[in-house]
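Q: Sharing a structure here in structure tokens format.
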Amino acid sequence: PTPLRLEGTLVFDHLKRARADLATMNRLLPEAERIARQQGEEFPSAEHLVAAEFSLDDGIAAAVLAAHAVDQDRWLDAVRQQHRDALGSIGISVDDGALDWKAPEAGPGTGALRSQESLREAFQRAVSFAKQDDRPVTSGHVLLAAIQPDHGTVPRTLARLGIDNIARYEHELIA
């Protein structure tokens with residue numbers, strides 16, 4: 001009998017992409033959880049997913065954000081300010097130190113990832129974008145997916161940073 005040859009076939013390509021997607025997910029999602037816990041939040045959301053993108057080796061989203069002088073620290077500072085402003089808009093006064101408290105040490109996750117709906121939806125959109133591109137999920141897909149809703153913390157944080165329409169960088173994000 002002739003041995004089964006998978007390399008170069010659709011099945012092989014599919015399995016290769018699935019393996020790459022799993023590696024990305026195993027790096028990105030625990031990092032988003034770690035960042036959320038470090039920020040004092042129980043469950044990660046889309047803004048933590050964006051912050052976690054800076055840890056991915058592909059550097060696609062980080063390069064687009066860096067073009068606007070945004071690194072992970074500046075992103076997280078803007079998220080904190082956005083949260084402070086959101087609380088202020090409903091009449092809750094927050095002193096400068098209240099949101100800057102030292103969170104407990106963010107250790108390893110506690111098993112299955114529990115997250116906010118915004119993170120789950122963003123990651124599902126990222127996977128969908130990658131499938132449309134017939135490529136593994138990249139940080140570019142994730143950033144593009146995280147900005148899809150025209151409401152929420154991610155778009156408001158981008159606006160705070162002076163990035164009014166990151167979707168115009170779509171060709172760079174999914175190149």
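The values are calculated or read from the model by the stated rules, or taken from the named source; none is laboratory data. Predicted, not measured: the structure shown is a model, and the values here were computed from it. Note that each Cβ is placed from the backbone with ideal geometry, even for glycine, and that neighbours are counted across all protein chains shown. The protein model used for the area step is the full one, side chains on, heavy atoms only, and it has no ligands, DNA or RNA in it. Shrake-Rupley method; radii C 1.70, N 1.55, O 1.52, S 1.80 Å.
Q: Could you check segment 62-110 and list, in sequence order, the residues that are at pLDDT 65 or above, polar (S, T, N, Q) and in a loop (DSSP other than H, G, I, E, B)?
A: The answer is Ser93, and nothing else.
Q: If you don't mind, there's one more thing I want to ask. Return the only residue of Gly59, Gly40 being open to solvent by 10 Å² or more (accessible area, probe 1.4 Å), small (Gly, Ala, Ser) and modelled with pLDDT under 90.
A: Unique residue meeting the criteria: Gly40.
Q: Please list, ordered by first then second residue, the pairs with beta carbon atoms under 9 Å, 6 or more apart or interchain, first in segment 143-154 and closer than 16 Å to Val64 by Cα, second modelled with pLDDT of 90 or more and among the polar types (S, T, N, Q).
A: These pairs meet every condition: Ala145/Gln124; Ala145/Ser128; Val154/Ser45.
Q: Would you tally the residues in segment 43-56 being open to solvent by less than 40 Å² (accessible area, probe 1.4 Å) and outside any loop (DSSP other than H, G, I, E, B)?
A: Of the residues in segment 43-56, 9 are open to solvent by less than 40 Å² (accessible area, probe 1.4 Å) and outside any loop (DSSP other than H, G, I, E, B).
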